[in-house]
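Below is one structure, written out as C-alpha coordinates; the observations come after it.
The values are calculated or read from the model by the stated rules, or taken from the named source; none is laboratory data. If you're wondering where the values come from, they're calculated on a predicted model, not measured in any experiment. All Cβ positions, glycine included, derive from the backbone under ideal geometry; neighbour counts span all protein chains shown. Note: accessible area is taken over every heavy atom of the protein model, side chains too, but ligands, DNA and RNA are not part of it. Shrake-Rupley method; radii C 1.70, N 1.55, O 1.52, S 1.80 Å.
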Amino acid sequence: MNIILLGPPGAGKGTQARILVEERNMVQLSTGDMLREAKDSGTEMGKVVAEVMASGNLVTDEIVIGLIREKLETTEAAGFIFDGFPRTLKQADALGELLEEMGQTLDKVVELRVEDEALVKRITARSTCGDCGEVYNDVTKPIPADGKCVKCGGTEFKRRADDNEDSLRTRLMAYYKQTSPLIGYYYHAGIHSRVDGLGEIDEIKAAIAEKLDS
Ligand code: AMP
(Lines give C-alpha, C1' and ligand atoms only; values in the text may rest on other atoms or scores of the structure.)
Protein backbone atom coordinates (compact mmCIF):
# COMPACT_ATOMS: atom_id res chain seq x y z
CA MET A 1 0.00 0.00 0.00
CA ASN A 2 1.33 3.46 -0.92
CA ILE A 3 0.02 6.38 1.11
CA ILE A 4 0.43 10.11 1.57
CA LEU A 5 0.29 11.81 4.96
CA LEU A 6 -0.93 15.29 4.14
CA GLY A 7 -1.04 18.25 6.49
CA PRO A 8 0.56 21.55 7.49
CA PRO A 9 3.95 21.76 9.22
CA GLY A 10 3.64 20.42 12.76
CA ALA A 11 0.55 18.31 12.05
CA GLY A 12 2.41 15.17 13.11
CA LYS A 13 3.12 13.62 9.71
CA GLY A 14 6.69 12.66 10.60
CA THR A 15 5.74 11.19 13.97
CA GLN A 16 2.95 9.08 12.51
CA ALA A 17 5.08 8.03 9.53
CA ARG A 18 7.74 6.70 11.90
CA ILE A 19 5.10 4.64 13.71
CA LEU A 20 3.85 3.18 10.43
CA VAL A 21 7.42 2.30 9.46
CA GLU A 22 7.86 0.37 12.73
CA GLU A 23 4.49 -1.32 12.72
CA ARG A 24 3.83 -1.99 9.04
CA ASN A 25 7.27 -2.37 7.58
CA MET A 26 6.67 0.50 5.19
CA VAL A 27 9.31 2.96 3.96
CA GLN A 28 9.01 6.66 4.81
CA LEU A 29 9.95 9.07 2.04
CA SER A 30 10.28 12.54 3.53
CA THR A 31 11.40 15.20 1.06
CA GLY A 32 12.15 17.50 4.04
CA ASP A 33 14.64 14.91 5.39
CA MET A 34 16.15 14.39 1.93
CA LEU A 35 16.58 18.15 1.46
CA ARG A 36 18.14 18.54 4.93
CA GLU A 37 20.61 15.77 4.03
CA ALA A 38 21.41 17.54 0.75
CA LYS A 39 21.86 20.79 2.66
CA ASP A 40 24.25 19.20 5.18
CA SER A 41 26.25 17.48 2.44
CA GLY A 42 27.37 20.87 1.09
CA THR A 43 26.67 19.98 -2.57
CA GLU A 44 25.69 22.66 -5.09
CA MET A 45 22.07 21.58 -4.79
CA GLY A 46 22.41 21.71 -1.01
CA LYS A 47 23.54 25.31 -1.14
CA VAL A 48 20.62 26.28 -3.36
CA VAL A 49 17.99 24.67 -1.15
CA ALA A 50 19.44 25.83 2.19
CA GLU A 51 18.35 29.42 1.74
CA VAL A 52 14.90 28.53 0.42
CA MET A 53 14.26 26.16 3.32
CA ALA A 54 15.38 28.68 5.92
CA SER A 55 12.88 31.19 4.52
CA GLY A 56 10.03 28.69 4.71
CA ASN A 57 9.28 28.79 0.97
CA LEU A 58 9.02 25.70 -1.20
CA VAL A 59 11.99 24.29 -3.06
CA THR A 60 11.39 23.92 -6.83
CA ASP A 61 9.23 21.08 -8.08
CA GLU A 62 12.08 19.88 -10.33
CA ILE A 63 14.41 19.33 -7.37
CA VAL A 64 11.95 17.45 -5.15
CA ILE A 65 10.49 15.37 -7.97
CA GLY A 66 14.07 14.40 -8.91
CA LEU A 67 14.78 13.33 -5.31
CA ILE A 68 11.62 11.25 -5.11
CA ARG A 69 12.21 9.67 -8.52
CA GLU A 70 15.69 8.57 -7.46
CA LYS A 71 14.42 7.05 -4.19
CA LEU A 72 11.56 5.24 -5.87
CA GLU A 73 13.90 3.79 -8.48
CA THR A 74 16.40 2.54 -5.92
CA THR A 75 14.25 1.42 -2.97
CA GLU A 76 12.42 -1.87 -2.48
CA ALA A 77 9.44 -1.57 -0.16
CA ALA A 78 6.21 -3.23 0.85
CA GLY A 79 4.73 0.26 0.68
CA PHE A 80 5.79 3.89 0.68
CA ILE A 81 4.64 6.63 3.03
CA PHE A 82 5.03 10.00 1.36
CA ASP A 83 5.64 12.57 4.10
CA GLY A 84 5.83 16.22 3.04
CA PHE A 85 5.46 15.25 -0.63
CA PRO A 86 3.62 16.12 -2.81
CA ARG A 87 3.25 19.78 -1.84
CA THR A 88 2.02 21.19 -5.18
CA LEU A 89 -0.36 20.02 -7.89
CA LYS A 90 2.60 19.57 -10.23
CA GLN A 91 4.25 17.26 -7.71
CA ALA A 92 0.99 15.34 -7.29
CA ASP A 93 0.76 14.78 -11.05
CA ALA A 94 4.41 13.71 -11.15
CA LEU A 95 3.90 11.23 -8.31
CA GLY A 96 0.95 9.68 -10.11
CA GLU A 97 3.06 9.28 -13.24
CA LEU A 98 6.05 7.85 -11.38
CA LEU A 99 3.91 5.25 -9.61
CA GLU A 100 2.18 4.35 -12.85
CA GLU A 101 5.55 3.82 -14.55
CA MET A 102 6.41 1.41 -11.73
CA GLY A 103 3.10 -0.41 -12.11
CA GLN A 104 1.99 0.83 -8.69
CA THR A 105 -0.90 2.88 -7.35
CA LEU A 106 -1.45 5.51 -4.72
CA ASP A 107 -3.93 3.92 -2.35
CA LYS A 108 -4.79 6.40 0.41
CA VAL A 109 -4.23 10.01 1.34
CA VAL A 110 -4.74 10.74 5.03
CA GLU A 111 -5.01 14.41 5.93
CA LEU A 112 -4.03 15.38 9.47
CA ARG A 113 -6.11 18.38 10.47
CA VAL A 114 -4.71 20.68 13.17
CA GLU A 115 -5.57 24.34 13.85
CA ASP A 116 -2.91 26.98 13.22
CA GLU A 117 -2.65 28.04 16.85
CA ALA A 118 -1.75 24.50 17.92
CA LEU A 119 0.73 24.19 15.04
CA VAL A 120 2.65 27.27 16.15
CA LYS A 121 2.78 25.96 19.73
CA ARG A 122 3.96 22.53 18.61
CA ILE A 123 6.61 23.73 16.22
CA THR A 124 8.22 26.27 18.48
CA ALA A 125 8.50 23.56 21.19
CA ARG A 126 9.84 20.86 18.87
CA SER A 127 13.23 19.14 18.95
CA THR A 128 14.56 15.84 17.60
CA CYS A 129 17.19 13.29 18.53
CA GLY A 130 20.30 13.95 16.44
CA ASP A 131 20.90 10.21 16.03
CA CYS A 132 17.55 8.58 15.32
CA GLY A 133 15.21 11.52 14.64
CA GLU A 134 12.79 10.74 17.50
CA VAL A 135 10.58 13.82 17.93
CA TYR A 136 10.27 15.60 21.31
CA ASN A 137 8.11 18.48 22.52
CA ASP A 138 9.12 20.71 25.44
CA VAL A 139 5.60 20.52 26.87
CA THR A 140 3.99 17.22 25.85
CA LYS A 141 7.02 14.95 25.41
CA PRO A 142 10.12 16.50 26.97
CA ILE A 143 13.63 15.10 26.53
CA PRO A 144 14.11 12.69 29.50
CA ALA A 145 15.79 14.09 32.61
CA ASP A 146 18.83 11.83 32.06
CA GLY A 147 19.33 13.54 28.68
CA LYS A 148 19.07 10.26 26.74
CA CYS A 149 16.78 9.60 23.81
CA VAL A 150 14.02 7.11 24.70
CA LYS A 151 14.49 5.29 21.39
CA CYS A 152 18.23 5.04 20.88
CA GLY A 153 19.96 6.49 23.96
CA GLY A 154 21.46 9.32 21.87
CA THR A 155 22.43 12.43 23.79
CA GLU A 156 22.43 15.08 21.03
CA PHE A 157 19.20 16.90 20.33
CA LYS A 158 18.53 19.40 17.54
CA ARG A 159 16.08 22.15 16.77
CA ARG A 160 15.37 22.84 13.11
CA ALA A 161 16.59 26.18 11.79
CA ASP A 162 13.18 26.78 10.19
CA ASP A 163 11.18 26.01 13.37
CA ASN A 164 10.90 29.70 14.28
CA GLU A 165 7.84 31.95 14.08
CA ASP A 166 8.95 33.87 10.96
CA SER A 167 9.68 30.82 8.81
CA LEU A 168 6.64 29.10 10.19
CA ARG A 169 4.36 31.89 8.98
CA THR A 170 5.78 31.50 5.46
CA ARG A 171 5.53 27.68 5.67
CA LEU A 172 1.87 27.92 6.69
CA MET A 173 1.12 30.31 3.82
CA ALA A 174 2.87 27.94 1.41
CA TYR A 175 0.71 25.13 2.78
CA TYR A 176 -2.57 26.99 2.32
CA LYS A 177 -1.68 28.45 -1.07
CA GLN A 178 0.17 25.61 -2.75
CA THR A 179 -0.50 22.37 -0.85
CA SER A 180 -4.08 22.54 0.43
CA PRO A 181 -5.52 22.29 -3.15
CA LEU A 182 -4.30 18.68 -3.00
CA ILE A 183 -7.15 17.95 -0.58
CA GLY A 184 -9.68 18.52 -3.37
CA TYR A 185 -7.44 16.78 -5.90
CA TYR A 186 -7.32 13.57 -3.89
CA TYR A 187 -10.91 13.86 -2.71
CA HIS A 188 -11.97 13.74 -6.34
CA ALA A 189 -9.66 10.78 -6.92
CA GLY A 190 -11.71 9.05 -4.18
CA ILE A 191 -8.75 8.32 -1.90
CA HIS A 192 -8.78 11.22 0.58
CA SER A 193 -9.72 10.86 4.23
CA ARG A 194 -9.28 13.16 7.20
CA VAL A 195 -8.18 12.56 10.76
CA ASP A 196 -8.15 14.95 13.72
CA GLY A 197 -4.45 15.52 14.32
CA LEU A 198 -4.95 17.14 17.71
CA GLY A 199 -4.74 14.68 20.57
CA GLU A 200 -2.62 11.86 21.93
CA ILE A 201 -0.17 10.23 19.51
CA ASP A 202 -1.77 6.79 20.11
CA GLU A 203 -5.29 8.09 19.44
CA ILE A 204 -4.18 9.63 16.16
CA LYS A 205 -2.32 6.44 15.28
CA ALA A 206 -5.53 4.45 15.82
CA ALA A 207 -7.57 6.89 13.75
CA ILE A 208 -5.08 6.60 10.88
CA ALA A 209 -5.06 2.80 11.12
CA GLU A 210 -8.85 2.81 10.85
CA LYS A 211 -8.65 4.82 7.61
CA LEU A 212 -5.89 2.67 6.16
CA ASP A 213 -7.60 -0.63 6.96
CA SER A 214 -11.10 0.36 5.85
P1 AMP B 1 9.42 19.55 6.10
O2 AMP B 1 10.50 18.84 6.83
O3 AMP B 1 8.52 18.61 5.35
O4 AMP B 1 8.65 20.49 6.98
O5 AMP B 1 10.12 20.44 4.98
C6 AMP B 1 11.04 21.47 5.33
C7 AMP B 1 11.24 22.42 4.15
O8 AMP B 1 11.79 21.69 3.03
C9 AMP B 1 9.98 23.06 3.59
O10 AMP B 1 9.61 24.22 4.30
C11 AMP B 1 10.40 23.37 2.15
O12 AMP B 1 11.26 24.49 2.10
C13 AMP B 1 11.23 22.15 1.81
N14 AMP B 1 10.42 21.04 1.26
C15 AMP B 1 10.18 19.81 1.82
N16 AMP B 1 9.41 19.05 1.03
C17 AMP B 1 9.13 19.81 -0.06
C18 AMP B 1 8.35 19.60 -1.23
N19 AMP B 1 7.68 18.44 -1.43
N20 AMP B 1 8.28 20.60 -2.14
C21 AMP B 1 8.95 21.76 -1.96
N22 AMP B 1 9.67 22.04 -0.88
C23 AMP B 1 9.78 21.08 0.07
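Worth pointing out:
- For GLY7, distant residues with modelled amide H under 5 Å away: LEU112
- Heavy-atom surface analysis with a 1.4 Å probe gives the chain a carbon and sulfur content of 50 percent of its accessible area.
- Extension gain from GLN104 to LYS177, taking 0.36 nm per residue of separation minus the Cα-Cα distance: 23.4 nm
- Sites listed here are GluC sites (Glu not before Pro) in the stretch 95-163 whose DSSP assignment is loop and whose Cβ has at most 14 other Cβ atoms within 10 Å: GLU115, GLU156.
- For chymotrypsin sites (Phe, Trp or Tyr not before Pro), no site in the stretch 150-209 is both called loop by DSSP and has at most 15 other Cβ atoms within 10 Å.
- Relative contact order for the chain: 29 percent, from Cα pairs under 8 Å spaced at least 6 residues apart, divided by residue count.
- Neighbour net charge for ARG69 - beta-carbon separation under 11 angstrom, K R +1, D E -1: -4
- The accessible area of ASP33, taken with all protein chains in place and a 1.4 Å probe, comes to roughly 80 Å².
- Estimated distance in nm for a label pair at ASP196 and CYS152, the labels positioned 7 Å out from Cα along Cα-to-Cβ: 3.4 nm
- Rounded if a/c under 1.5, otherwise prolate or oblate - the stretch 95-160, Cα gyration tensor axes: oblate
- Extension gain (nm, one decimal) between ASP131 and GLU62, 0.36 nm per residue minus Cα-Cα: 21.9 nm
- DSSP bridge pairs, the stretch 63-214: antiparallel proportion in percent, nearest 5: 55 percent
- Counting lysine pairs in the stretch 75-214 whose alpha carbons fall under 22 angstrom apart, excluding pairs fewer than 8 residues apart on the same chain, gives 13.
- The chain: C-alpha gyration tensor shape, a/c 1.5 cut-off, then a/b vs b/c: rounded
- For the stretch 112-121, putting each phi into the Karplus relation 6.51 cos²θ - 1.76 cosθ + 1.60 with θ = phi - 60° gives couplings of 9, 9, 9, 5, 3, 4, 5, 5, 4, 4 Hz, in residue order, rounded to whole numbers and with x for Gly and Pro.
- From its DSSP helices (H runs of at least four residues, each -39,500 (n - 2.57)), the chain gives a residue-normalised ellipticity at 222 nm of -14500 deg cm²/dmol.
- The residues of the stretch 51-152 present an accessible area of 52 Å² per residue when probed at 1.4 Å with all protein chains retained.
- Distant-in-sequence amide H partners of PHE85 (H built 1.01 Å from N, under 5 Å): THR31
- Simple point charges give the picture: +1 on the Cβ of Lys and Arg, -1 on the Cβ of Asp and Glu, and for the chain a dipole about the Cα centre of about 400 debye.
- Stretch gain in nm, segment HIS188-GLU70, where the contour uses 0.36 nm per residue and the Cα spacing is subtracted: 39.7 nm
- Site-free segments of the chain were taken between trypsin sites (Lys or Arg not before Pro) in DSSP loops having at most 16 other Cβ atoms within 10 Å, sites themselves excluded; the longest one is 1-147.
- Distance between the pseudo-spin-label points of ARG169 and GLU44 (7 Å out from Cα toward the beta carbon): 3.5 nm.
- Cβ-derived FRET efficiency at R0 22 Å, VAL120 paired with GLU203, nearest 0.05: 0.55
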